[in-house]
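First the structure, in the form of structure tokens, and then the observations on it.
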Amino acid sequence: MTSDESETVPARAGRGIWIAAAVLAVLVVGLSATAIVLGLGVGSAQKTVDRRTQLERAARQEAVNLVNVDYRQAQQASDRILSGATGEFKDQWGSTVSKQFLDVMTKGQAVQTVQTVHAGVVNFDSDSAESIVSVSALVVTPQVPKGVQRNYRYSMELTRVGGRWLVSKVVLVP
């Protein structure tokens, strides 16, 4: 082996190591970037699931508040409904609907107990949503002591107010 040949073998080996190191570095950076992007996507998906869960919970609770009523505690029931309301629904409930509600419940001596509740979110964004809620309840009155089954379906619009989801509109769906 000549002196020229002995110098090129280590030089080639050094370049090969540098190329391998560069390729390895590019792979590490690429994999790291992919992991970050996937991690952000998972975090975003989890936030969407969490928001949907919060919306379903708020709509379900307001439907229970609307249906689960004992005439002997009708004012407390009305106050619970109002606590989950905002906007148009809160205005309507506070002005006329609550009085009618209290009168009907008291005169009829009705006790209405929720049996099942199902809620689903139709659509939503960061500060508003639409939900559909189905409620079945047993209504007992002095005239019907064994009770009668009632089913209700509500379309609810919800609005985010101060970190809470409140019902801003309720429509009874036939």
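The values are calculated or read from the model by the stated rules, or taken from the named source; none is laboratory data. As the structure is a computational prediction, the values presented were derived from the model and not from experiment. For neighbour counting, all protein chains shown are included, and Cβ atoms are generated from backbone atoms with ideal geometry for every residue, glycine included. Only protein heavy atoms, including side chains, enter the accessible area calculation; ligands, DNA and RNA are left aside. Shrake-Rupley method; radii C 1.70, N 1.55, O 1.52, S 1.80 Å.
Evaluated against (1) surrounded by 14 or more Cβ atoms within 10 Å (Cβ to Cβ); (2) closer than 27 Å to Thr48 by Cβ; (3) modelled with pLDDT of 95 or more, His118 falls short on exactly one condition, (1).
Could you tell me whether any residue of the stretch 154-174 is in a loop (DSSP other than H, G, I, E, B), in contact with a Ser or Thr (Cβ under 9 Å, 6 or more places away or on another chain) and exposed (fewer than 13 other Cβ atoms within 10 Å of the Cβ)?
Our first condition is that a residue be in a loop (DSSP other than H, G, I, E, B); within the stretch 154-174, this holds for 162-163, 173-174.
Filter once more, keeping what is in contact with a Ser or Thr (Cβ under 9 Å, 6 or more places away or on another chain): 173.
Applying the additional criterion that residues be exposed (fewer than 13 other Cβ atoms within 10 Å of the Cβ) yields 173.
Checked the stretch 154-174: at least one residue is in a loop (DSSP other than H, G, I, E, B), in contact with a Ser or Thr (Cβ under 9 Å, 6 or more places away or on another chain) and exposed (fewer than 13 other Cβ atoms within 10 Å of the Cβ).
Does Gly94 count as at pLDDT below 95, of a type outside the set (Ser, Thr, Tyr) and closer than 30 Å to Thr48 by Cβ?
On the way: at pLDDT below 95: yes; of a type outside the set (Ser, Thr, Tyr): yes; closer than 30 Å to Thr48 by Cβ: no.
Spelling it out, it is not the case that Gly94 is at pLDDT below 95, of a type outside the set (Ser, Thr, Tyr) and closer than 30 Å to Thr48 by Cβ.
In summary, Arg52 fulfils each of the numbered conditions (1) open to solvent by 50 Å² or more (accessible area, probe 1.4 Å); (2) without any contact (Cβ under 8 Å) to a residue 40 or more places away in the chain; (3) farther than 30 Å from Lys146 by Cβ with the single exception of condition (2). Among the residues of the stretch 103-124, none is identified as in a helix (DSSP H, G or I) and closer than 25 Å to Val161 by Cβ.
Within the stretch 127-140, identify whether any single residue is open to solvent by 70 Å² or more (accessible area, probe 1.4 Å) and without any contact (Cβ under 8 Å) to a residue 12 or more places away in the chain, and answer yes or no. Quick ask: steps written out before the conclusion?
First pass over the stretch 127-140, keeping only residues open to solvent by 70 Å² or more (accessible area, probe 1.4 Å): 127, 132.
If we keep only those that are without any contact (Cβ under 8 Å) to a residue 12 or more places away in the chain too, we end up with none.
Within the stretch 127-140, none of the residues are open to solvent by 70 Å² or more (accessible area, probe 1.4 Å) and without any contact (Cβ under 8 Å) to a residue 12 or more places away in the chain.
Taking every residue in the stretch 70-84 that is touching a residue at least 40 places away in the same chain (Cβ under 8 Å) and more than 12 Å from Phe101 (Cβ to Cβ) and pairing it with any residue that is outside any helix (DSSP H, G or I) and polar (S, T, N, Q), at least 6 positions away or on another chain, the pairs with Cβ-Cβ distances below 8 Å are Asp70/Gln112. Could you please find all residues in the stretch 74-115 being touching a strand residue (DSSP E or B) at 6+ places or on another chain (Cβ under 8 Å) and open to solvent by 70 Å² or more (accessible area, probe 1.4 Å)? Hits for the stretch 74-115 are Glu88, Lys90, Gln115. When the stretch 48-85 is filtered for residues that are farther than 15 Å from Gln109 by Cα and of a type in the set (Ser, Thr, Tyr), the ones remaining, listed by number, are Thr48, Thr53, Ser78, Ser83.
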